[in-house]
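The values are calculated or read from the model by the stated rules, or taken from the named source; none is laboratory data. Please read all numbers here as calculations on a predicted model, not as lab measurements. Every residue, glycine among them, receives a Cβ derived from its backbone with ideal geometry; neighbour counts consider all protein chains shown. Remember, those area values only see protein heavy atoms, side chains included, never the ligands or the DNA or RNA. Shrake-Rupley method; radii C 1.70, N 1.55, O 1.52, S 1.80 Å.
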Amino acid sequence: MTNAYELADQAADELRVRSGVDAYDIAIVLGSGWKEGAAALGQPFAEVATGTLRGFVSPTVLGHAGQIFSLRVGDATVALVSGRVHLYEGNNAHQVAHPVRTLIAAGARTVVLTNACGGIDPTKGPGSVVVIKDHINLTATSPMEGDVPPAPFGSRFVDLTDLYSRRLRAAALAAAPELSEGVYVGFRGPHYETPAEIAMARAMGGTLVGMSTVLEAIAARHMGAEVLGLSLVSNLAAGVADAPLSHQEVLEAGQAAASSLGGLLARLLPVL
Ligand code: 8IG
């Protein structure tokens with residue numbers, strides 16, 4: 001069985017051939033709500049279906065096949081990864097981390113992880129964008145499980161002290177002062193939390209809750225990339241407001257925010 005790093009190298013080689021890009025600078029993983037906005041970054045010069053790349057599993061959301069768009073933004077060659085996959089689709093931590101590992105194997109030194117999430121802070125309601133300062137991984141799994149990482153990668157016991165790059169967070173907050181920072185608590189889902197679980201997450205120091213990002217961040221940091229996390233609050237978490245959560249509302253909040261998210265990415269990319 002090929003290890004996760006060889007698999008990422010092979011997928012990166014296939015991606016290079018299909019996109020014509022020798023080395024990427026920045027990889028942006030697009031969470032729900034972010035894809036529409038990302039069109040504001042410019043016209044991609046290549047589009048690769050992830051189904052044609054080794055190790056990629058297909059998203060289970062109908063009509064959302066995985067794609068990697070390649071484009072130039074200023075001096076940077078950027079990959080937009082759409083069609084993220086999650087643990088709750090039945091994937092393991094390595095499958096979830098594979099797109100990020102592939103883009104890093106294809107040269108990306110900066111990884112921007114975007115997502116839509118629930119908000120615990122009632123003053124940062126739907127439509128707020130929060131820079132992830134740190135995370136609490138409650139998925140009970142890790143992309144570092146399994147085989148020992150081969151050279152040149154460091155130990156599986158990767159230090160996560162500066163997981164969400166201090167430098168990138170400062171750059172993002174300087175370029176977009178309306179943003180604030182928060183701690184993202186990663187659950188497995190796909191059910192939303194109970195009010196008691198949200199009370200726990202708040203007591204732990206969490207301000208955002210979601211079902212993605214944490215495993216990709218760990219894998220990216222381990223491979224030496226700098227990580228920036230951006231969360232779009234789509235709903236207040238369970239029990240924070242009186243209303244029940246509705247998936248429909250979550251989708252609508254994403255659509256409403258889409259155009260401003262693109263503008264935000266366009267402002268941030270030059271300073272990363
Ligand atoms: I959008 O309230 C979105 N994703 N775990 N909880 C969790 N994930 C989410 C939520 C939420 N909203």
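Check whether at least one residue in region 123-137 is at pLDDT 95 or above, out of contact with any strand residue (DSSP E or B) (no Cβ under 6 Å at 6 or more places or on another chain) and open to solvent by 40 Å² or more (accessible area, probe 1.4 Å), and report yes or no. No, the conditions are met nowhere in region 123-137.
Go over the candidates Ala106, Ala46 one by one and state the one that is modelled with pLDDT of 95 or more, at negative phi and buried (at least 22 other Cβ atoms within 10 Å of the Cβ).
Working: Ala46 fails: buried (at least 22 other Cβ atoms within 10 Å of the Cβ).
So the residue among Ala106, Ala46 that is modelled with pLDDT of 95 or more, at negative phi and buried (at least 22 other Cβ atoms within 10 Å of the Cβ) is Ala106.
Within region 23-40, the residues that satisfy the criterion of being open to solvent by 20 Å² or more (accessible area, probe 1.4 Å), closer than 20 Å to Thr102 by Cβ and more than 16 Å from the ligand (Cβ to nearest atom) are Ala23, Asp25.
In region 143-154, the residue that is nearest to the ligand (Cβ to nearest atom) out of those that are in contact (Cβ under 8 Å) with a residue 60 or more places away in the chain and open to solvent by 30 Å² or more (accessible area, probe 1.4 Å) is Gly146. Is at least one residue of region 175-195 at pLDDT 95 or above, surrounded by fewer than 18 Cβ atoms within 10 Å (Cβ to Cβ), out of contact with any helix residue (DSSP H, G or I) (no Cβ under 7 Å at 6 or more places or on another chain) and not in a loop (DSSP other than H, G, I, E, B)? Looking through region 175-195, at least one residue is at pLDDT 95 or above, surrounded by fewer than 18 Cβ atoms within 10 Å (Cβ to Cβ), out of contact with any helix residue (DSSP H, G or I) (no Cβ under 7 Å at 6 or more places or on another chain) and not in a loop (DSSP other than H, G, I, E, B). Among the residues of region 101-123, those that are within 16 Å of the chain's Cα centre (by Cα) and either within 16 Å of the ligand (Cβ to nearest atom) or not in a strand (DSSP E or B) (or both) comprise Arg101, Thr102, Leu103, Ile104, Ala108, Arg109, Leu113, Thr114, Asn115, Ala116, Cys117, Gly118. Within region 209-252, the set of residues being open to solvent by 20 Å² or more (accessible area, probe 1.4 Å), within 14 Å of the ligand (Cβ to nearest atom) and assigned to a helix (DSSP H, G or I) comprises His247, Gln248, Glu249, Val250, Leu251, Glu252. Ala170 - would you say it is surrounded by fewer than 17 Cβ atoms within 10 Å (Cβ to Cβ) and not in a loop (DSSP other than H, G, I, E, B)? Judged against the criteria, Ala170 is a match.
Taking the criterion of being in a loop (DSSP other than H, G, I, E, B) and open to solvent by 20 Å² or more (accessible area, probe 1.4 Å), the residues of region 196-208 that qualify are Met204, Gly205, Thr207.
Scan region 124-155 for residues that are part of a loop (DSSP other than H, G, I, E, B) and within 19 Å of Tyr184 (Cβ to Cβ) and jot them down.
Scanning region 124-155 gives Lys124, Gly125, Pro126, Gly127, Ser128, Leu138, Thr139, Ala140, Thr141, Ser142, Pro143, Met144.
If you go through region 168-187 and pick out every residue that is farther than 19 Å from Thr213 by Cα and not small (Gly, Ala, Ser), you end up with 3. Out of all the residues in region 253-271, which are closer than 13 Å to Glu36 by Cα and open to solvent by 60 Å² or more (accessible area, probe 1.4 Å)? Once the filter is applied, which keeps residues that are closer than 13 Å to Glu36 by Cα and open to solvent by 60 Å² or more (accessible area, probe 1.4 Å), region 253-271 yields Gln255, Ala256, Ser259, Ser260. Within region 175-208, being within 16 Å of the ligand (Cβ to nearest atom), over 30 Å from Ser155 (Cβ atoms), among the hydrophobic types (A, V, I, L, M, F, W, C) and in contact with a strand residue (DSSP E or B) (Cβ under 8 Å, 6 or more places away or on another chain) holds for one residue alone: Ile198.
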